[in-house]
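See below for the structure under consideration.
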Amino acid sequence: MRVFLPIGSPVVGIGSFDSDLLNVINATFATYRLDLPIGPVTGDPAGNPTFTYATTAGDLVLSSSVNPARQSTFTAAVNSDVPEPSTVGLAAVGMAALLLRRRLK
């Protein structure tokens, strides 16, 4: 399973490397890059209702994913491996306090 976003396209979706499972169509995606958080963005659905994706809990099938009367919503959260500056500062103060305490003993 992968998330795909063709450059300059108003479509974002999920699927395997050989088939789309569910797409969301919205003009916002034409300038969006997957490295930033976004959403929720709602748009017209598109996809392949006949595609079955095997999971460890059984097959995943979105049989009503292309119904134009319904809307699809996409949200992306980005996990940052870089600690916030306040966390680094707090850790530095803690280490300095431990070193000072050790020297005073």
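The values are calculated or read from the model by the stated rules, or taken from the named source; none is laboratory data. Keep in mind it's a predicted model, so treat the numbers as computed, not measured. Reconstructed Cβ throughout: ideal geometry from the backbone, glycine too, with neighbour counts over all protein chains shown.
Each residue in region 19-34 was checked for being polar (S, T, N, Q), more than 23 Å from Tyr53 (Cα to Cα) and assigned to a loop (DSSP other than H, G, I, E, B), and 1 pass. Sub-6 Å Cβ pairs linking a first residue in region 23-34 that is closer than 13 Å to Thr73 by Cα to a second residue that is among the small types (Gly, Ala, Ser) and modelled with pLDDT of 85 or more, at least 6 apart or interchain, are Val24/Gly43; Ile25/Gly43; Asn26/Gly43, ordered by first then second residue.
Selection of first residues in region 76-95 that are within 28 Å of Val24 (Cα to Cα) and at pLDDT below 75 and of second residues that are among the aliphatic types (A, V, I, L, M) and not in a helix (DSSP H, G or I), restricted to Cβ pairs under 8 Å at least 6 apart or on distinct chains, gives an empty result.
Filtering region 54-68 down to residues that are modelled with pLDDT under 75 and either more than 25 Å from the chain's Cα centre (by Cα) or of a type in the set (Ser, Thr, Tyr) (or both), which residue is surrounded by the most Cβ atoms within 10 Å (Cβ to Cβ)? Write out each step before concluding.
We begin by selecting, within region 54-68, every residue modelled with pLDDT under 75; these are 61-68.
From what's left, either more than 25 Å from the chain's Cα centre (by Cα) or of a type in the set (Ser, Thr, Tyr) (or both): 63-65.
Values: Ser63: 8, Ser64: 11, Ser65: 18.
If we take residues in region 54-68 being modelled with pLDDT under 75 and either more than 25 Å from the chain's Cα centre (by Cα) or of a type in the set (Ser, Thr, Tyr) (or both), then Ser65 is surrounded by the most Cβ atoms within 10 Å (Cβ to Cβ).
Going through (1) within 17 Å of Gln71 (Cβ to Cβ); (2) of a type in the set (A, V, I, L, M, F, W, C); (3) out of contact with any Lys or Arg (no Cβ under 9 Å at 6 or more places or on another chain); (4) surrounded by 12 or more Cβ atoms within 10 Å (Cβ to Cβ) one by one, Ile14 falls short only on (3).
Kindly indicate whether Ser16 is at negative phi and either of a type in the set (Phe, Trp, Tyr) or at pLDDT below 80 (or both). The answer is yes for Ser16.
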